[in-house]
1. Given the Cα atoms of region 113-152, and with Rh set as the inverse mean 1/r over their pairs in the Kirkwood sense, what is Rg to Rh to two decimals?
2. Stick to the Cα atoms of region 10-167, pair each with every other, and give me the Kirkwood hydrodynamic radius in Å at one decimal.
3. Residue by residue through region 276-284, which ³J(HN,Hα) values in whole Hz follow from phi under the Karplus form 6.51 cos²θ - 1.76 cosθ + 1.60 (θ = phi - 60°), with glycine and proline marked x?
4. Test of understanding: in a Gaussian network model of the chain with alpha carbons linked when under 10 Å, which of Ala270, Ala21, Ala73 would top the mean-square fluctuation ranking?
5. For Lys168, Lys20, what ranking results if the residue with the fewest other Cβ atoms within 10 Å of its Cβ goes first?
6. Would you calculate the volume per residue, in Å³, of the smallest convex hull containing every Cα atom of region 201-286?
7. For the chain, what does the equivalent ellipsoid look like in terms of its semi-axes, each the square root of 5 times an eigenvalue of the Cα gyration tensor, given largest first in whole Å?
8. Thr102's amide H: which non-local residues (gap 5+, or another chain) put their own amide H closer than 5 Å, with H modeled 1.01 Å from N in plane and none for Pro or chain starts?
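FYI, it's all coordinate maths here, none of it is from the lab. The model shown is predicted, which means the values in this text are computed figures rather than measured ones. No Cβ is skipped: glycine too gets one built from the backbone with ideal geometry, and neighbour counts run over all protein chains shown.
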Amino acid sequence: MAESGKFAMQRLPRSMVHAKAQPEALGPGLWLDRIQPGGRNGPNDEVRSLWPGGRVWTDMFCLGTPADPFIFAVPDIRLPANQYWPLHWHDCWIAVIVLEGTCLIGDWWMEPGDVMITEPGLEYGPLVIGPDGCQMFEVFGQLHLCGGGYSPEFRDHPTLAGGDHAFKERTGVNLRNHGRSSLPCDGVEGLTKTRLAAGSRWDLGEAGDPDRGVMGHTVFAPGETLAAHRYGDWHGLFVLKGDLRIGDRAVGANAVVLAEPDGALPAITAGPQGAEVFEVARTAAGWERLA
């Protein structure tokens, strides 16, 4: 697997991981990457291959470097039809954003544009991928804490076979799941059901915590222009629909722009159809636009 510099990929268990090359430099501290083609099936129909428990294809976009206290990560995950992931938890704030296809989490059939957010350590699920597969972002507020765990009764589950998953006894509020196979999503403290919408913003962390990650959804009207700006920490722009002109460079749907702290973003102008952009920031300082 190709790895280079600050954008080196971390391997996820049981995944076919995209070989990550260095993104293209758009300017000092500004990089252009892209969401790979293929939608929910992967670029070369990878998830259709026969594999115990089903095969997964994964790409990773990282905000931060190993020199930072932590990395905010946006894995792009493609999953096969009807795949089953048991109840589990992560030790950091996470968000699931469905891009294509469907995914049942607990009792919620998530469709494109749906967003689920959980606090650290909250056991949720299971995940049952819909009949046509699914493409999702599974956002990790702090990548080094993403591992979490599965309860020991899932040790032999075929979806988890061959991975390096942690199997741990449930504690605290997760004891409510003992002897059960599913956690309904409604009314669960620490679990948020929401949806991408123009102007939406979500904190991945406690309000007021300067290290909290931030996500949002920005909709540009046709021809709308955003003046040149910068951010105080890492910031990412994922163009989901439409196209933008960033300075003198035109980028279309599936473009990913990563800005390092104080990396200068030139003026951004939406194309004739406008644009929808999923935005993320490593910390709160990476969200506010600075002149």
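1. Looking at region 113-152, the ratio lands at 0.97.
2. Mean inverse Cα-Cα distance, inverted, gives 16.2 Å.
3. 10, 10, 8, 10, 9, 9, 4, 9, 4
4. The residue that fluctuates most here is Ala21.
5. Lys168, Lys20
6. 80 Å³
7. Largest first, the chain gives 31, 20, 18 Å.
8. Under 5 Å from the amide H of Thr102: Gly130, Asp132, Gly133.
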